[in-house]
Amino acid sequence: MRWGSLMIAKRKGQGAARGKARDGVAPIGTRPSRPKPRYCIVCGTKLRPIREHGVRRMACPRCGFIAYRNPVPACGVIVMRSGEVLLAKRAHEPRRGSWGIPAGFMEYGEHPERTAVREAKEETGLIVRLSGLFGVYAGRDDPRTRAVLILYRAKIVRGRLKAGDDASEVGFFALDRLPKPIAFRAHREALGDLRRMERRKSR
């Protein structure tokens, strides 16, 4: 295999990036970012800008409702095997054709740990057991929304490595030979931290 000891494609040719990558980052997809609210979800009145704690927000002049635009939590797993890390290739926009840590957005009412385990199974076919918190990262370059990425260390319990859900390929890769491009800045930061940690362990 070119990039790692194991790579499985769901369908041959699926997941190729549209356009050319620039600066190691896949082109941003056509999916728009989360739009700013215009009308009150309580009474339907058109919102107006206000300043609250030094931040510009949209608020309802009639009932006082404030439309907060908060980051969306996402969770994922760092899975290592024989010195290689598990990554998934994105099958859909944004950043289709680029690689990332198995992760995804939380469902409403879902516990972060449950999200991480679910995303691992959906994207890679593997059932994992979490072994601790790896790190928390700010997602600032996803065109859909701002995110908070919570990553856990995890170990494989069972399952067969197979691309699924929104992944077109999955594989284990050496930390000094990662596939390119890596989809999001938060993922690149986490992989950089992982590389430094593994180097310190080997000294």
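If you plug the beta carbon distance of H111 and R38 into 1/(1 + (r/R0)^6) with R0 = 25 Å, you get a FRET efficiency near 0.15.
Count the net charge of all other residues whose Cβ sits under 14 Å from the Cβ of H187, scoring Lys and Arg as +1 and Asp and Glu as -1.
+2
Projected label points at R62 and E189, each 7 Å from Cα along the beta carbon direction, are separated by 4.1 nanometres.
Taking a quarter of the surface of the Cα convex hull of segment 70-202, what do you get in nm²? Its average projected convex-hull area is 7.5 nm². Taking a point 7 angstrom from the Cα of V157 along the C-beta vector, which residues in segment 123-137 have backbone N less than 19 Å away? Residues 123-134 qualify, since their backbone N sits under 19 Å from the label point.
Bear in mind these aren't lab numbers, they're just calculated from the coordinates by the rules spelled out. Here the structure is a predicted model, which means the values were calculated and not measured. When we count neighbours, we look across all protein chains shown, and the Cβ atoms used for this are built from the backbone with ideal geometry, even at glycine.
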